[in-house]
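Written out below as structure tokens is the structure these notes cover.
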Ligand code: HEM
């Protein structure tokens, strides 16, 4: 991919298109939870796989677009030629997962006389394009004379993406090897899910924010990307079901999580000092990190962690993946590839913040519903309708990247 703006803008558009489709699927699930699934539309748990795998495609493609756009300025070299093929493949296979997982999830689908695990195949192909990206990234940064803050953060983000991808690859691998241990399955699931979310996404978005703020001066004094990455790795254990984690492992993970929260708080403070230079949605996304910091402090109490792991799991995931990561990314994409501030953008921003804020609150309150004077069904309905606003915002957002070529 040349780093020309039209090409990058096209991928900003395509990543948002994935968000629209995966978000519509999530919205469909939210209505299913509130009002019941319509018969004949597939099994809830299979559609969750379709939604979550495809959503990861949105964040991955958005980040790759931002990284490839900025990287040549730091390396002083053009991007490797095959980047354009890698980006096309990442888009195609990310989207394919939506249709491959929907009918049977990780199970097999009959096509003619063949029975194929379509979901696992599509996830494997999408994962392959992540490894391809990692290889090209290392080629692009190998031997560069200086490593500015964004590149340092991306280097470690890519290492965490590698570890997380191994976890993702393990899922179909374990199926093929017929390993049925619940502990092993959960371990690899959280190696994938949690290191992707609180590892790769966190560091890579921090890198993209640092690149946006660019002038290195006021960003000095940030905690080292390497320390942050190393402490993040054991925190994935906190995603395990409480009955499968020994006390010793809990304390290792919990204390590491506390250290991560301390470092994230410093990043947050530094970014807050430069808030006027950040896009509105990126500032909004930073609010999601406050939850991560607060949760890390509360989770030191094993009882609170065990309760939260059940009651607040979906809230916490969407705090990190939707409020923080998706808002921050959407803000950065619009700032980098939009055609300047427009009415479309203003509508997108306010609808997005309204919808995400309402869904976030409904999911949070859902964890405490037994103590509240409101029914669980009402909260599910609020979350469902809020999701329509989020998807509408994302649809409006598509217009911001059109046309691909600059108007000037
Ligand atoms: C329009 C915004 C979104 C809506 C309406 C939505 C909806 C949902 C719903 C209904 C579930 C199942 C909840 C349950 O089991 O109780 C879910 C799970 C999940 N979603 Fe989302 N979601 C949204 C955004 C995102 C984003 C942006 C990501 C990732 C980047 C994401 C990743 C996930 C994951 C990983 C799960 C859990 C899968 C599992 O249980 O293994 N979602 N979402």
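Quick note: the coordinates plus some simple rules give every number you see, no bench work behind them. Remember, it's a predicted structure, so these values are computed and weren't measured experimentally. Because the Cβ atoms are built from the backbone with ideal geometry, glycine has one as well, and the counts that use them run over all protein chains shown.
Kindly state, as a whole number, the per residue volume in cubic angstrom of the convex hull around the alpha carbon atoms of the range 118-178. Don't skip to the end; give the middle numbers.
Values: hull volume 4.4 nm³, N = 61.
Cα convex hull per residue, to the nearest whole number: 72 Å³.
Per 5 Å bin, what percent of the C-alpha pairs of the range 117-258 does each bin hold, from zero upward?
Using 5 Å bins, I get a P(r) of 2, 9, 16, 18, 18, 14, 11, 7, 3, 1, 0 for the range 117-258.
For the range 32-169, would you read off the P(r) tail past 25 Å as a percentage of all alpha carbon pairs? Before the final figure, lay out the partial values.
On the way: 3530 of 9453 pairs.
Counting pairs separated by more than 25 Å, the tail of P(r) holds 37 percent.
Please compute, over every Cα-Cα pair in the range 195-238, the percentage with a separation greater than 17 angstrom.
On the way: 342 of 946 pairs.
That tail contains 36 percent of the Cα-Cα pairs.
If we restrict to alpha carbons, what Rg and Dmax does the range 212-303 come to, in Å?
15.3, 48
Using the Kirkwood radius built from alpha carbon pairs, what does the Stokes-Einstein equation give as D for the range 299-374 at 4 °C and 1.567 mPa s, in µm² per second? Spell out each step's value before the answer.
On the way: Rh = 14.4 Å.
Estimated diffusion coefficient is 90 µm²/s.
Modelling each spin label as a point 7 Å along the Cα-to-Cβ direction, I'd like the residue 111/residue 372 distance in nm, to one decimal.
4.3 nm
Give me the number: length gained by fully extending residue 276 to residue 311, i.e. 0.36 nm times residue separation minus the C-alpha to C-alpha distance, one decimal in nm.
Details: separation 35, 0.36 × 35 = 12.60 nm, distance 3.61 nm.
Length difference between fully extended and current span is 9.0 nm.
What distance in nm separates the simple spin-label points at residue 243 and residue 177, each placed 7 Å from Cα in the Cβ direction?
Spacing of the two 7 Å Cα→Cβ label points: 2.6 nm.
Over the range 147-337, what lengths in whole Å, largest first, do the semi-axes of the equivalent ellipsoid take, defined as the square roots of 5 times the eigenvalues of the alpha-carbon gyration tensor? Could the numbers behind the result be given before it?
Working: eigenvalues 171, 66, 45 Å².
Semi-axes from the Cα gyration tensor: 29, 18, 15 Å.
Per the Kirkwood treatment, what hydrodynamic radius in Å, one decimal, follows for the chain from the mean inverse distance over all distinct Cα pairs? List each step's numbers first, then the result.
On the way: mean 1/r = 0.0461 Å⁻¹.
Answer for the chain: a Kirkwood hydrodynamic radius of 21.7 Å.
Rounded to two decimal places and with Rh computed the Kirkwood way over Cα pairs, what is Rg over Rh for the range 259-408?
Numbers: Rg = 17.3 Å, Rh = 16.7 Å.
Ratio value, two decimals: 1.03.
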